[in-house]
Amino acid sequence: MTARQELLELANLWCEQDLTPVQFDRMQSLLRSDAELRSVFLRFLQVHGLLVWDGGNHLSPSSDQEDLQQAALSCCSDPDLILADFAGASRRQKRSQRVRAMLMAGVVVCALAAGWLTRDAAIVNRDGGSQTVQAIPVTPVPETLQDHGDGEALKPLQSPVQIVHQQTAPETPAPPEAIGTPIASVSPRIVDDAAIVSRIDKLIARGWAENQVQPAERADDYEWIRRLSLVLTGSISSSEDVAEFVGSKSPSRRQLLAESLTLEAATADNLAGIWTNLLVGRSEKQGVDRESLRRFLTAQFAENKSWMETACRLIAAEGRNDEQGETNFLLAHLNAQATPATAVTAKLFLGHQVHCTQCHNHPFVRERGQQEFWALNAFFKTSVRKPAPDSRAWILTQDGEAGMTFYENRRGQQIAVLPEFAGETVDGDVSRRTELARILQEKGQSEIARAMVNRIWAMFFGYGFTNPIDDLGPHNPPSHPELFDHLTESFIAADFDVRRLMRWLAMTEAFGLSSIRTESVSDIDQPERGTLPLFSRAYPRPLGPEQVYDSLHAAIHSVAGSSDSRMIWQHRSTWVGQFVRSWGNDENEETLAFDCNVAQALLMMNGKDLEQAIPAAVEAILAMPDRNSANPDRRLLDLSMAALNRQPTENEQSVFRTRIRTLSKTMTARDALRSATEDMFWAYLNSAEFSSVH
């Protein structure tokens with residue numbers, strides 16, 4: 001038997017953890033004696049790692065076994081041993097994680113046996129279905145572990161090797177400044193935002209290919225900026241912003257705009273409004289200061305605080321609700337023995353619908369039982385609210401009585417539980433909600449991240465990975481499980497950076513698609529009919545009441561040639577409240593009776609200034625020097641850009657001219673122009689195109 005064959009046999013035994021101490025010493029002796037044998041050993045580890053990685057980490061089903069065999073053949077002149085290892089790959093799947101750790105340590109074992117590190121270690125990194133080998137610098141061996149030439153056999157290395165994994169670069173990397181500067185706390189694996197976007201695109205495209213779906217055409221700049229502005233800021237863009245964006249010649253204009261909009265105060269305000277509605281509803285509740293809560297959320301989003309920090313502050317809050325805005329979340333839900341606080345916390349922050357489990361075990365999810373509900377509820381039972389002295393404010397404290405929480409099961413038995421989450425029980429004189437926040441930070445990162453990723457994805461695309469978006473679990477499998485996992489892990493590694501998450505989604509190929517359906521997707525990709533979404537086109541969806549309110553003001557101000565000065569937030573909140581009905585159930589749920597009718601919306605806004613808003617805006621553009629009656633097409637362009645963020649179609653131009661000619665028969669030319677312009681503006685604002693995100 002040659003030295004090479006002996007080494008490979010010993011290496012196989014070592015990877016199987018069947019190597020005796022005597023055989024281990026012999027393997028080290030062989031490695032120390034010959035540089036070529038060390039090279040063979042390193043290449044053996046590389047191929048073995050590739051095979052085990054494939055077995056234990058579920059590479060794409062399209063991975064070609066013949067390619068793996070060929071890789072083994074290319075690494076050793078005696079391939080039978082390697083091919084035997086390949087045949088046993090399935091047997092090693094269950095312990096692949098352990099073996100991968102052994103493989104990394106093996107690099108150092110080889111180096112120690114030689115007394116020095118001859119070259120960079122090689123690991124296998126994969127992206128999609130392809131495998132890429134990358135050279136990784138290995139940490140120098142401490143002097144105390146080096147072989148000093150005394151012939152004494154070295155002992156196996158006890159401490160792990162510290163190796164920094166590099167993210168595979170995408171085929172066409174974007175300029176670093178196009179997407180944003182990485183934050184300091186991000187893991188080295190996630191420093192390349194473009195690589196994350198590339199991975200999203202590949203996983204979405206895989207779904208298209210598997211379902212034989214041809215995606216829609218790429219949206220033009222007009223459609224894309226309107227959609228992005230509605231998603232991020234909650235309002236359509238101004239005419240000036242659209243013109244500037246479309247007129248830009250920069251190939252990175254979309255990346256730059258996405259970065260710019262995520263930094264805008266309007267985006268922070270929009271996110272704060274969305275989460276205020278989610279946390280306490282749209283209707284006014286006694287003891288809840290919605291404006292104070294909104295200020296807190298606006299500051300958190302404007303300063304780009306970690307979502308984990310924001311969630312934990314909302315859960316562990318204490319103090320006056322007019323000073324500590326985060327206290328208003330729980331102040332709204334401590335009724336009915338804090339069962340709403342339990343259900344809403346689980347739903348919004350963990351993506352678990354548990355309201356039914358207060359009476360019985362979950363019918364589909366074994367992990368969500370009645371005991372789990374009341375164990376979570378016990379974290380909130382000690383919280384109390386009381387009016388602040390000499391003030392209309394309320395105070396949230398945690399000075400309730402500690403001890404066991406009792407609930408009645410379906411047999412009528414009284415069961416006692418302590419606060420418990422993720423297997424950790426809390427007892428004694430401690431702040432229970434503070435302890436819950438700590439446990440979430442330590443053990444609930446994945447659940448917090450998945451819930452937020454799913455919600456932000458639905459915010460961009462109209463549908464989440466699950467339906468409903470806040471009911472995650474094995475009973476409700478996601479449409480794109482690998483993509484969902486990828487985004488969740490990336491969001492955690494990025495320190496729960498919401499701004500960065502939104503940039504990733506804004507730059508995906510799927511978000512850049514048009515809403516126009518092609519024949520290939522008309523009968524397949526229709527999530528509005530209950531099918532799983534493939535995200536092969538932009539799904540149109542109606543504007544929410546806040547979006548209608550803000551977009552109406554943006555359009556009117558654009559037509560009038562003034563900046564978008566939105567109405568005060570309290571007025572908008574009061575107006576939206578007209579459409580809300582509160583049910584007072586176990587989740588303090590509300591229903592929204594809003595059908596996105598713009599005419600109805602304008603009539604219900606009240607106030608002389610709003611009743612006259614459209615005629616006043618039209619009069620303003622008639623008074624502008626460059627909007628004379630000899631150029632009606634320019635006036636129509638103003639209306640179309642303001643209301644729909646696009647240029648008018650030929651048919652719209654024809655209708656507008658015809659309307660002017662018809663009215664000119666019964667009134668002066670100026671009156672005809674004014675009336676036709678006002679009619680056209682109303683038509684744009686009442687169109688389905690204006691009242692939808694598409």
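Each reported figure results from applying straightforward, stated rules to the coordinates on display, with no laboratory input. These numbers come from a predicted model, not from an experiment. Because the Cβ atoms are built from the backbone with ideal geometry, glycine has one as well, and the counts that use them run over all protein chains shown.
Quick one: check the C-alpha center-to-center distance for the stretch 369-383 versus the stretch 453-526, whole angstrom. Their Cα centres are 31 Å away from one another. In a simple Cβ point-charge model (Lys, Arg +1; Asp, Glu -1; nothing else charged), the stretch 278-437 has a dipole of about 620 debye relative to its Cα centre. Place a point 7 Å from Cα of residue 391 in the direction of its Cβ. Which residues in the stretch 310-327 have their backbone N less than 14 Å from it? The answer is 318-327.
Return the FRET efficiency for the residue pair residue 633, residue 666: r is the Cβ-Cβ distance, R0 is 22 Å, and the value is rounded to the nearest 0.05. Walk me through the intermediate numbers first.
Values: r = 23 Å, r/R0 = 1.04.
With R0 = 22 Å, the Cβ-Cβ based efficiency is 0.45.
Working from Cα pairs under 8 Å separated by at least six residues, relative contact order for the stretch 278-437 is 21 percent.
Its alpha carbons considered, the stretch 278-437 gives a radius of gyration followed by a Dmax of 15.9, 51 Å. For the pair residue 3 and residue 653, label points projected 7 Å from Cα toward Cβ lie 8.4 nm apart. Modelled label positions at residue 446 and residue 283, each set 7 Å beyond Cα in the direction of Cβ, lie 3.9 nm from each other. All C-alpha pair distances within the stretch 264-312, sorted into 10 Å bins from zero, spread as 27, 56, 17, 0 percent across the bins. Residue order for 307, 504, fewest other beta carbons within 10 angstrom first, comes to 307, 504. With R₀ set to 60 Å, the beta-carbon distance separating residue 336 from residue 218 gives a calculated FRET efficiency near 0.75. Peptide packing for 376-385, 262-271, 406-415 was compared via the average number of neighbouring C-beta atoms within 10 Å per residue; ordered from the highest value, the list is 376-385, 262-271, 406-415.
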